[in-house]
1. List the cysteines of the chain that have no other Cys Cβ closer than 4.7 Å: which are they?
2. Set the Förster distance to 51 Å, then compute FRET efficiency between Val231 and Ser435 from the Cβ-Cβ distance, nearest 0.05.
3. Tell me the mean residue ellipticity at 222 nm calculated for the chain from its helices only (DSSP H runs of n ≥ 4, each -39500 (n - 2.57), averaged over every residue, nearest 500).
4. Classify region 3-61 as rounded, prolate or oblate, taking a ≥ b ≥ c as the square roots of the eigenvalues of its Cα gyration tensor: rounded when a/c is under 1.5, otherwise prolate if a/b is larger than b/c and oblate if not.
5. Between region 396-472 and region 307-331, what is the C-alpha centre distance in whole Å?
6. Counting pairs of Cα atoms in region 328-421, how many percent are more than 14 Å apart?
7. Please go through the residue pairs Lys51/Lys333; Lys155/Lys305; Lys315/Lys437 and name each one whose alpha carbons sit more than 32 Å apart in this structure.
8. Which of the following values of volume of the Cα convex hull per residue in Å³ was calculated from the structure shown: (i) 193; (ii) 159; (iii) 140?
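Since every read-out is calculated from the coordinates, none of them should be taken as a lab result. The structure presented is a predicted model; accordingly, all values stated were derived computationally and were not measured. Quick reminder, even Gly has a Cβ in these numbers, built from the backbone with ideal geometry, and neighbours come from all protein chains shown.
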Amino acid sequence: MPFIPFQTRANLHYVYDMNRNSIYKIKQNQYEALSHISEGSYEEADVNVLKDFQKRGLLAESPILQIEHPASQMLEYQLERCVNSITFQMSQNCNLRCGYCPYSSNEIYNNRSHSALNITWDTLQQGIDFLVAHSKDVDHLHVAFYGGEPLIEKKLIIDTMKYTQEKVSGKEISFGMTTNGTLLDDSFAREVRDFNISIMISLDGPKDVHNENRTFVNGRGSYEIVYRNVVHIRDNYPDLYQKLKFNTVISPDGKFEEIFDYFRAGEGVSDLSKVNFNTLSMNYTETEFVYGEAYFEERNYEALKAYLLLLGKVKEEPVAYHKRDIETIYSYKEFLSPINETPKIAHPSGTCIPGLKKLFVDVNGNLFPCERIDENSSLMKMGNLQDGFDIKKVREILNVGAVTEQHCKECWAFHCCSICPAAADNGKDEHYSESYKLSKCNRVKASALENLKNYTMMREFKYQFKREDISL
């Protein structure tokens, strides 16, 4: 049934109505009846409770007749004129062999491997020309550099930024790069300091934590050189330092509190709003990651502070320390905008238009939806710089919900779904696998339900979700 009853506290009961994308407060007996129906029981008394709601236009049967993304009919136009970002895979090689990296030989991911392939100058020029030709209706362009390790090709990065500025006129341009930080030396910092560039550096916390996974090929830890490079930029290029951000991957046995306290202390990183904390990706792996109770206690404690900050219950904690949690809290409101009725032709949320905002170009000039995919996946390859987009393939990638159409039509989490193409691709098949995609659903539903509860709890405390009330 396209609804889910839930509680925030023992005496507070609600039901989420998928058809209207709305939450309603209900009585305990109604909650119990709807819970029975959700669990597959159809006792007459319970069904009568449901019928009472339906007489008022609530908790109706799903109106969805066909799963199709609303952007399907506009793909040609959007990909011809509205592409606003491109990410280049500068190299498939790397000077590190991080324990959890998809490219490293490990027992977690088996879809990628390091190679000696680097992108060519011709491919980079073609990529920028492609972006310019397909961005006529956008005002801002973003060019990013990814790996392997992108700084293996430092000169090509700088040349590409200069070439972009030469080719683009009348639009704002920004650049980005994701790097392990070991090659982020003075010469590169001096060259790029005047560009509008944001640099994401991989730093997993204090020395002992970082060096557990982020090691050179010979097994030596990389913390010292990353730390030294960051401090050098901080002391010598303060404007560039303000453009640095940090990506911190927490492994299942990681100590979140220790990691969080390291950044709070400002040992090379002065502002926690610069840090993105991430657990291991669940894409392209059959490994079940188990994060222990201690991790969730530590993580949830920090998340709780974000809620208390918004509610004005905590004053001494800097808002910037909890930027990502606060952004997540605000996203609940965006997901839960009430509607009169779900359209008859619709698609689950969670899928952006492939290639529109994060077009990924591998070292060979092939096109993919974004940098999170497996570039060895035949399903995710959607064209190349020379021939352009394969619209038929893009449409298939976009409509990830079609492979599980019957399940999606009746799913209460239709508007709260977070399954994107990368999550639904097993990296092996030519097309989406129904069974593989369905294997992701329980985890997504559990997360969606938690989000519903958290949003409802904030509304119980009269929080209005006004962004102007909080400065990040």
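1. Taking the Cβ cut-off of 4.7 Å, the unpaired cysteines of the chain are Cys82, Cys94, Cys352, Cys370, Cys408, Cys411, Cys416, Cys417, Cys420, Cys441.
2. 0.55
3. -10500 deg cm²/dmol
4. oblate
5. Each part reduced to its Cα centre gives a spacing of 23 Å.
6. So the pairs more than 14 Å apart make up 69 percent of the total in region 328-421.
7. From Lys51/Lys333; Lys155/Lys305; Lys315/Lys437, over 32 Å: Lys155/Lys305; Lys315/Lys437.
8. Working out volume of the Cα convex hull per residue in Å³ from the coordinates points to (ii).
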